[in-house]
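The values are calculated or read from the model by the stated rules, or taken from the named source; none is laboratory data. This is a predicted model, so every value here is computed, not measured. Because the Cβ atoms are built from the backbone with ideal geometry, glycine has one as well, and the counts that use them run over all protein chains shown.
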Amino acid sequence: SAVISQKPSRDICQRGTSLTIQCQVDSQVTMMFWYRQQPGQSLTLIATANQGSEATYESGFVIDKFPISRPNLTFSTLTVSNMSPEDSSIYLCSVGAGQGINYGYTFGSGTRLTVV
Amino acid sequence: DQQVKQNSPSLSVQEGRISILNCDYTNSMFDYFLWYKKYPAEGPTFLISISSIKDKNEDGRFTVFLNKSAKHLSLHIVPSQPGDSAVYFCAALETGAGSYQLTFGKGTKLSVIP
């Protein structure tokens, strides 16, 4: 399955600033996904990023707050803009992986963001 | 509204015994289910999945059972090992919806006691 390198692994940021998270995949993938896990909550899909087109955002998430880039088939970035303490979460990127009955999704190691 | 529920936030099991992690869902359109394991400071790791056309899928020590009529699935780990101690997430997917959104439960923390 694909190997994902995600960075930074953690950061502490001042409110009002922005942070860009990077994900690099060791193989070409059509779709990449960005998730958020708030404290004590389940993982929630933010958006799906396809190469060469605008990302598709899930309800409750907007491009101005979470702009995404997908310049090629192995790389994507997610920016958390104008941060507030409510943005403190773990952010994860993911790609599809596997075949057939055991098709799954591979996740990066996550970025633990704390906004102060 | 939680469409995927893991009602047990934690579970403790003796090494060598069976661990059973449960998951319930409410959306009858879900037709593909996955289990993930997550260690602290790491991303979730895919364990095993099952399609709604099956009622069982086995991979080594891990078996997932699906009861569609009850909208319930479970992950069995036999025998349990201390290295299995982690948070386990159940996730569901509606493959026909055109979206690749995985809907996750909140997780169950498994502790395997040596």
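Report yes if some residue within region B:53-60 is in contact (Cβ under 8 Å) with a residue 12 or more places away in the chain, closer than 17 Å to A:S42 by Cα and among the basic types (K, R); otherwise report no. For region B:53-60, residues in contact (Cβ under 8 Å) with a residue 12 or more places away in the chain, closer than 17 Å to A:S42 by Cα and among the basic types (K, R): absent. Taking region A:64-83 as the range and being within 22 Å of A:V25 (Cβ to Cβ) and either aliphatic (A, V, I, L, M) or in contact with a Pro (Cβ under 9 Å, 6 or more places away or on another chain) (or both) as the test, the residues that pass are A:I68, A:L73, A:T77, A:L78, A:T79, A:V80. Scanning region A:25-42 for residues being at pLDDT 90 or above and crowded, with 19+ Cβ neighbours inside 10 Å gives a total of 7. With respect to the conditions (1) touching a residue at least 60 places away in the same chain (Cβ under 8 Å); (2) within 26 Å of B:Q2 (Cα to Cα); (3) away from chain B (no Cβ under 14 Å); (4) under 13 Å from the mean Cα position of the chain (by Cα), A:F66 falls short on a single one, namely (1). Against the list (1) in contact with a Ser or Thr (Cβ under 6 Å, 6 or more places away or on another chain); (2) within 14 Å of another protein chain (Cβ to nearest Cβ), the condition B:L66 fails is (1).
Strands (runs of 3 or more DSSP E) fully within region B:1-84 that include at least 2 residues being among the charged types (D, E, K, R) and surrounded by fewer than 16 Cβ atoms within 10 Å (Cβ to Cβ): B:56-59. Pairs linking a residue in region B:25-40 that is closer than 17 Å to B:S69 by Cβ to a residue that is among the charged types (D, E, K, R) and in a loop (DSSP other than H, G, I, E, B), with Cβ atoms under 6 Å and 6 or more positions apart or on different chains, are B:Y25/B:K71; B:M29/B:E94; B:F30/B:E94.
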